[in-house]
Amino acid sequence: MKKNSVFIYNAFILIAVSLIMRTVGMYFNVYISNRIGAEAMGVHSLIGGVYNFGITLATSGINLAVTRLISEAQGKGQAYKNGKIMRTCIGYALIFGIAAASLLFALSETIAYRWLDDARCTVPLRILALSLPPIAITSALNGYFTARRQVIKNALTVFIEQGVRISVTVMLLTSILPEGIEYACIALALGSTAAELGSLIIMSLMYMLQSRKTQAATTSSHEPVARTLCGISLPVAFSSYVRSGLLTVEHALIPLGLKKFGADTVTSLSLYGALQSMALPVILFPAVFITSFSGLLVPEIAESRAAQNNTHVKSIQRRTLRLTLLFSIGVSGIMLFFSNELGSALYPDTPDAGRFIALLAPLIPVMYLDSMTDVMLKGMGQQFYSMMVNIADALLSVVLVWFLLPRYGIYSYIAIIYICELLNAALSVSRLLYISRIKPNMLGWVFKPLVAVTGSVSIVRLIFSLTSGYTTATSLTWAIVCCALIYLLLLRGLYALERDDFKKLRRFVRSS
């Protein structure tokens, strides 16, 4: 299969797997939310904020570093370096993973009592600390398989990981642990830790089999790798430390700010849980269709740049920006118009969820575009710039939460999300356009999809209002599917979707 077809083939695998797993994860999140309640989800979100910082410390930019190093070695015809690269990177991952686990375990009680102001977070944090070394090593192995274009192995690992997480968590919640918010969080922590251990075992076995097959065809390299590794990973790691640390502080400040605004503990945790653990997962769910490509963009861009194929790099960037906007504007319009129905169908006991979905839906194009732009910047070696932008974004968010939330409540936090996302996207996109010399087509990339999504939603709402309406989850699903299909037809009719897009898709299908 040709190189372009390999890229599309891997992307389709990632989309299919990510869609299945994201759907399963979404239903699992709905199940957990409806079972343990909004307050427990709020406590779980507090734990998650600290745990995410632990993951950031454990991985310390290793995934990007492995992907870049292996991709560049292959682009230069130096695949014999792979063994040396992986030994160095796994050692790096072990050091940071063990350090992060030790730190989180030792400080879990202090964090729970003095920082999160909730003793129920102590035991779950200690359990989650045990998963950090496996996560670090798995992240390195994931980068290796991504760079080698063997995403099916990453996909298999995701299947197993999600299956273990759901099985262990449901078993603990339904038959072993007693009821209560603390025990619900312990069940979620044990499920996540078991899943990460399973992921490490499977991915390690696949890597050992892979390296055994290729060992005879390669020779050892005596060139130093550690300096190059640190040059790629540490700027990303430092950025991630600062940003993740600031986000952890921000998430801890939200319930405290809501209490100062006048809400009691239960109400503040419920609002926080409804926003972070219910509405945002729905907003980010459709991103699976584009983020599946993001893992392939870094090796594709890095390898093409190493081979000095700048025309191919520019083509990838232009197509990615255009398709991201076409997709995200459609998602934004559909989710905005169906927000109340989605909230009622997914979280019938939490009316705030639908309202938060409606408030965040217009921001979807900015969020999705910013995410894909950051990936392309990293593929071009612009991780330091991304680091500075992300730090500025997170710092501004913390400052605004500190001053505005106690005065204006939860809706000021929605405004803060808008301000920070818009700033981050503006700085990132402008940088990418400057270094790539791409000229955006605002008519075709923005205005035409706005017209198309408005037309598709209006047609579907009119049809369903004349029939049965959205009486069931099935009818709501059909309404959304019809909107998406009509949106695609209108995009094609307005020439926002190019004929070349369909040609490449047909060529891929035939070649497969």
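The values are calculated or read from the model by the stated rules, or taken from the named source; none is laboratory data. What you are looking at is a predicted structure, and each value in this text was computed from that prediction instead of being measured. In this analysis, Cβ positions are derived from the backbone assuming ideal geometry, glycine residues included, and neighbour counts consider all displayed protein chains.
Observations, loosely collected:
- In the range 399-416, the residue that is nearest to the chain's Cα centre (by Cα) out of those that are surrounded by 18 or more Cβ atoms within 10 Å (Cβ to Cβ) and under 22 Å from Tyr241 (Cα atoms) is Ile416.
- On inspection, Leu377 qualifies as touching a Lys or Arg at 6+ places or on another chain (Cβ under 9 Å), assigned to a helix (DSSP H, G or I) and crowded, with 18+ Cβ neighbours inside 10 Å.
- Single match in Leu188, Leu205 (criterion: within 20 Å of Tyr27 (Cα to Cα) and of a type outside the set (Gly, Ala, Ser)): Leu188
- Pairs, first not assigned by TED's automatic domain parsing to the domain that holds Ile480 in the range 334-360, second buried (at least 19 other Cβ atoms within 10 Å of the Cβ) and assigned to a loop (DSSP other than H, G, I, E, B), C-beta under 6 Å, six or more apart: Glu341/Tyr470; Ala353/Tyr347
- Yes/no for Ala184 being farther than 18 Å from Asn52 by Cβ and in the same structural domain as Val50 (by TED's automatic domain parsing): yes
- Residue within the range 429-439 that is in contact with a Leu (Cβ under 8 Å, 6 or more places away or on another chain), buried (at least 18 other Cβ atoms within 10 Å of the Cβ) and under 21 Å from Leu246 (Cα atoms) present: no
- Going through (1) of a type in the set (Phe, Trp, Tyr); (2) farther than 29 Å from Leu247 by Cα; (3) loosely packed, with under 14 Cβ neighbours inside 10 Å one by one, Trp445 falls short only on (3).
- Leu275 meets each of the listed conditions (1) more than 27 Å from Gly343 (Cβ to Cβ); (2) modelled with pLDDT of 80 or more apart from (1).
- Restricting the range 30-39 to residues that are out of contact with any Phe, Trp or Tyr (no Cβ under 8 Å at 6 or more places or on another chain) and buried (at least 18 other Cβ atoms within 10 Å of the Cβ), the residue that is nearest to Arg165 (Cα to Cα): Ile32
- Of all the listed residues (Gly143, Gly83), the sole one being closer than 21 Å to Ser233 by Cα, of a type outside the set (Ser, Thr, Tyr) and more than 20 Å from the chain's Cα centre (by Cα) is Gly83.
- Filter result for Thr193 (over 18 Å from Asn29 (Cα atoms), of a type in the set (S, T, N, Q), in contact (Cβ under 8 Å) with a residue 40 or more places away in the chain and surrounded by 20 or more Cβ atoms within 10 Å (Cβ to Cβ)): no
- Against the list (1) over 21 Å from the mean Cα position of the chain (by Cα); (2) modelled with pLDDT under 85; (3) buried (at least 23 other Cβ atoms within 10 Å of the Cβ); (4) small (Gly, Ala, Ser), the condition Ala184 fails is (2).
- Between Ala353, Ala394, the distinction of being modelled with pLDDT under 90, within 23 Å of Lys259 (Cα to Cα), in a helix (DSSP H, G or I) and under 19 Å from the mean Cα position of the chain (by Cα) belongs to Ala394 only.
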